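One structure is given below, encoded as structure tokens.
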Amino acid sequence: MLKRKEIEKNEERYLASYAMHSAQTGGRAYKEKEHDYRTVYQRDRDRVIYSTAFRRLEYKTQVFVNHEGDHYRTRLTHTLEVAQIGRTIARALRLNEDLVEAIALAHDLGHTPFGHSGEKALHEIMKDHGGFEHNSQGLRVVDYLEERYPNFQGLNLSFEVREGIIKHATPYDMPRRVIAFEREGSPLLEIQVVDIADEIAYDNHDLDDGLASELVNEKALSRIGLWRDVYKDVQKRWPSARDGVKRRQTIRNLINLQVSDLLKETESRIKKFHIKGSEDVRRMPEKIITFSPGMRERRKALKEFLLKELYNHYRVVRMSNKAYRFVQELFKVYLDKPMQLPPATQFYLKKDDPYRVICDYIAGMTDRYALDEYKKFFAPYEKV
Ligand code: MG
């Protein structure tokens, strides 16, 4: 039988020297007996999966609001794609795959409903009350808002997973028990992997969803070199395949192309900069996990295209502006009479500023819960 101690020993053998080894963890804020069969990061991953915030990702969106269609990405499916891409990269580079998975699954827990317009609305209201930022909120979720254990608030995750969630955002207005992040220097390679896997995932799936929804025009897209080359290749190999299949094959090959480029470039950078241990990673002023200069250029053109054609598409702007307005209106309604908050949320009024309590409450909502709440307050015949 494989016990934790042996898994930790195996890590010594099969992980690279610059990987984060489970046995070397900075540990948890509250001392706990470690598990017999799971390493610290495997256990953190499981704590994330069982959290309420994780389940809510299913009904939170980024670009397309939930009722636009059932086959668009949600934050949950996005999160799974980030974990998949991240694990592939981690395994190829002999990094700690469990740590990457735990961070990837947790990386979006602090997001509001309706993507960035929800965040923007909350940030504006919270300007004079400590502000709002999704990475800091993610840490607040796992450190404070999740209630599961009798002896402490939050999930008591390891230092490295928490560092991966906060990234480099400045922790402001942190709840009582957050340890300061005194660690200087660049983030661990596992954290860099999740960051870049996140980017690869959303660029490509936004493109995929954008095409499926017909908000993105395929003809216009053919001006972009990266897409054009991969599509041409698909077209050559399967000229009679249906359009949707060609599109999916192109997306698939695009992801593969970018991940392969990333792996090659990273491998050569590890050699070039003599990265031997995680301390070498920390002292590097620049990121180690990155694309080749050529791929960076090509991706830039694709990103600019997405910004112009999809994120600034009039229907997407309408969706986000509508969300922005009613997140603000909901906030006002609760603030006007906090007694309208459900009892479990009112409980926090005893310890926190009402602004922060309402902010946490709204940030935790799914898109559809927020829509339901809005209806309850503003539609006269709706049950409250
Ligand atoms: Mg993300």
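The values are calculated or read from the model by the stated rules, or taken from the named source; none is laboratory data. Predicted model, so just to flag it, every value in this text is computed and none were measured. With ideal geometry, Cβ positions are generated from the backbone for all residues, glycine too; neighbour counts draw on all protein chains shown.
Remarks
- Scope the range 179-205; condition in contact with a Phe, Trp or Tyr (Cβ under 8 Å, 6 or more places away or on another chain) and at pLDDT below 95; matching residues: 179
- Complete set of residues in the range 219-237 that are touching a Leu at 6+ places or on another chain (Cβ under 6 Å) and in a helix (DSSP H, G or I): 226, 227, 230
Here is a yes/no grid of residues against (1) surrounded by fewer than 20 Cβ atoms within 10 Å (Cβ to Cβ); (2) closer than 30 Å to residue 9 by Cβ; (3) in contact with a His (Cβ under 8 Å, 6 or more places away or on another chain):
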| position | (1), (2), (3) |
| --- | --- |
| 33 | yes, yes, no |
| 38 | yes, yes, no |
| 41 | no, yes, no |
| 60 | no, no, yes |
| 63 | no, no, no |
| 69 | yes, no, no |
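- Scanning the range 130-174 for residues that are in a helix (DSSP H, G or I) and farther than 17 Å from residue 364 by Cβ, we see that the one that is modelled with the lowest pLDDT is 166.
- Just so you know, in the range 218-260 the residues that are among the polar types (S, T, N, Q) and surrounded by 12 or more Cβ atoms within 10 Å (Cβ to Cβ) include one that is modelled with the lowest pLDDT, and it is 222.
- Evaluation of residue 338 against (1) in contact (Cβ under 8 Å) with a residue 40 or more places away in the chain; (2) farther than 13 Å from residue 125 by Cα; (3) in contact with a Leu (Cβ under 7 Å, 6 or more places away or on another chain) (one fails), failing number: (1)
- Of all residues making up the range 1-15, the number that are exposed (fewer than 15 other Cβ atoms within 10 Å of the Cβ) and in contact (Cβ under 8 Å) with a residue 60 or more places away in the chain: 1
- Selection within the range 49-63 - within 15 Å of the ligand (Cβ to nearest atom) and either more than 17 Å from residue 363 (Cβ to Cβ) or among the aromatic types (Phe, Trp, Tyr) (or both): 54, 63
- Looking only at the range 193-220, and only at residues there that are away from the ligand (no atom under 16 Å from the Cβ) and not charged (D, E, K, R), the one that is farthest from residue 69 (Cα to Cα): 220
- Hey, residue 107 within 12 Å of the ligand (Cβ to nearest atom), crowded, with 20+ Cβ neighbours inside 10 Å and more than 16 Å from residue 259 (Cα to Cα) or not: yes
- Scanning the range 30-42 for residues that are touching a helix residue (DSSP H, G or I) at 6+ places or on another chain (Cβ under 8 Å) and outside any helix (DSSP H, G or I), we see that the one that is farthest from the ligand (Cβ to nearest atom) is 36.
- The helices (runs of 4 or more DSSP H) falling completely within the range 291-368 that include 2 or more residues that are among the hydrophobic types (A, V, I, L, M, F, W, C) map to 293-306, 314-336, 354-364.
- Residues of the range 142-166 that turn out to be surrounded by fewer than 18 Cβ atoms within 10 Å (Cβ to Cβ) and among the basic types (Lys, Arg), as a count: 1
- Of the set (1) touching a helix residue (DSSP H, G or I) at 6+ places or on another chain (Cβ under 9 Å); (2) charged (D, E, K, R); (3) within 25 Å of residue 141 (Cα to Cα), all apply to residue 303 but (3).
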